[in-house]
Amino acid sequence: MQQYSAAQDGSHLFVVDPCSYTQRRDAEGAAIIGCEVPIAGETLHFQIAVTAGQVRLADLVPAARQLGDAISRRVVERAAAEKYSIPCGRGCSACCRRYLVPVTVCEAFALTGQVLAAEPPESRRIQRRLLLAARRIMERQPPKLSFDGSGTCSDTDLAATSRWYEQIDVRCPFLEGDCCSIYAARPVACRQHFVHGSAEGCTGHSDDAERLPMPVQMADVLGLVAAELESAAVEAVPLPLIPAWCDLNAERGLRTWPAVVAAETLARTVRQAALEGMREVSGVC
Ligand code: SF4
Ligand code: SF4
């Protein structure tokens, strides 16, 4: 079995939760990299703990999830305080049936490693669903996505992909009933997908759901971090294709970097993305 994580528990690199005794204890003796992210009129202060050692791309994912979740929480709280209704939550799944989720290179390795490491019956069940979805996608050839220098895909490309995906009618292979079977480890694109209005609007039967703008997209951030570490172009992998993609790119999943270099790149890229997001909001180019 291919192991794409150098530190199986992700402990070389994590965001310190000031409320978690275990994390504070684990961070003792670790280097701390500060990360200040301006969001929604305030600055969020994070500390990324880094122990000596090497990390693979997959090892960046837990910290990216923590940062993305904290940013999303702040944005959702702010929207709720402004009386927007945010209907999103666990078990609400119309979006999982309609959108093809773009997965960053780091997450492709992390999720594939997780599927392979699951108990055999569960692992086989998910691999089979991924395979069926991938086959349907490849039979119906998706439109090509292109990314600009900041790692962002154009709205036109995304809209074309969404239309195509709705037509081929493939639900996410991780969806079981109405629940995400990997909820705690779902991709950052899913974690940061919120709407305001009504969940009915996500079924396509009404217009009453509008995407909540997210000033920092962790999918873009992780894409840029991987591209910088690998000296390569930004890439995104359609979720059902991750096992096949990882097979083809296995050696990339085994490459390592000093944990401190990876953490500094992550911290700098999140901050830069937040500053760019602020400039866009204020109209400054
Ligand atoms: S985006 Fe829509 S379908 Fe998805 S969780 Fe939110 S309300 Fe539910
Ligand atoms: S990974 Fe989970 S949250 Fe994301 S689309 Fe699939 S089922 Fe939905």
For this session: Starting from segment 219-248, take each residue that is of a type in the set (Asp, Glu) and list its partners that are assigned to a helix (DSSP H, G or I) and modelled with pLDDT of 95 or more, counting only C-beta distances under 6 angstrom and pairs at least six apart or across chains.
Result: Glu228/Thr265; Glu235/Val105
For this session: Give just the number: which of (1) modelled with pLDDT under 95; (2) aliphatic (A, V, I, L, M); (3) closer than 23 Å to Ile71 by Cα; (4) surrounded by 15 or more Cβ atoms within 10 Å (Cβ to Cβ) does Val281 not satisfy?
Result: (4)
Problem set entry | All positions within segment 255-271 that are surrounded by fewer than 15 Cβ atoms within 10 Å (Cβ to Cβ) and part of a helix (DSSP H, G or I) | Val261
Exercise. Counting residues that are farther than 29 Å from Arg78 by Cβ, which helices (runs of 4 or more DSSP H) fully inside segment 144-254 reach at least 1?
Worked result: 155-168, 218-230, 242-248, 250-254
Problem set entry | In segment 199-212, residue nearest to Ile126 (Cα to Cα) [restricted to those that are more than 16 Å from ligand 2 (Cβ to nearest atom) and in contact with a strand residue (DSSP E or B) (Cβ under 6 Å, 6 or more places away or on another chain)] | Gly201
For this session: Could you tell me whether Ser93 is within 16 Å of ligand 1 (Cβ to nearest atom) and either modelled with pLDDT of 95 or more or surrounded by fewer than 16 Cβ atoms within 10 Å (Cβ to Cβ) (or both)?
Result: no
Exercise. Does segment 183-198 include one or more residues that are under 19 Å from the mean Cα position of the chain (by Cα), of a type in the set (Gly, Ala, Ser) and under 25 Å from Asp157 (Cα atoms)?
Worked result: yes
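This table checks each residue for (1) surrounded by fewer than 18 Cβ atoms within 10 Å (Cβ to Cβ); (2) more than 15 Å from ligand 2 (Cβ to nearest atom); (3) at pLDDT below 90; (4) more than 19 Å from the chain's Cα centre (by Cα).
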position	(1), (2), (3), (4)
Ser123	yes, yes, no, yes
Leu130	no, no, no, no
Arg163	yes, yes, yes, yes
Glu166	yes, no, yes, yes
Exercise. Of these, Arg65, Arg136, Arg73, which one is closer than 25 Å to Phe14 by Cα, loosely packed, with under 15 Cβ neighbours inside 10 Å and basic (Lys, Arg)?
Worked result: Arg73
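Name every residue in segment 175-198 that is on the phi > 0 side of the Ramachandran plot and within 12 Å of ligand 2 (Cβ to nearest atom), in order of residue number.
Gly177 - this is the single residue of segment 175-198 that is on the phi > 0 side of the Ramachandran plot and within 12 Å of ligand 2 (Cβ to nearest atom).
The values are calculated or read from the model by the stated rules, or taken from the named source; none is laboratory data. This is a predicted model, so every value here is computed, not measured. A quick note on method: Cβ atoms are made from the backbone with ideal geometry, for glycine too, and the neighbour counts reach across all protein chains shown.
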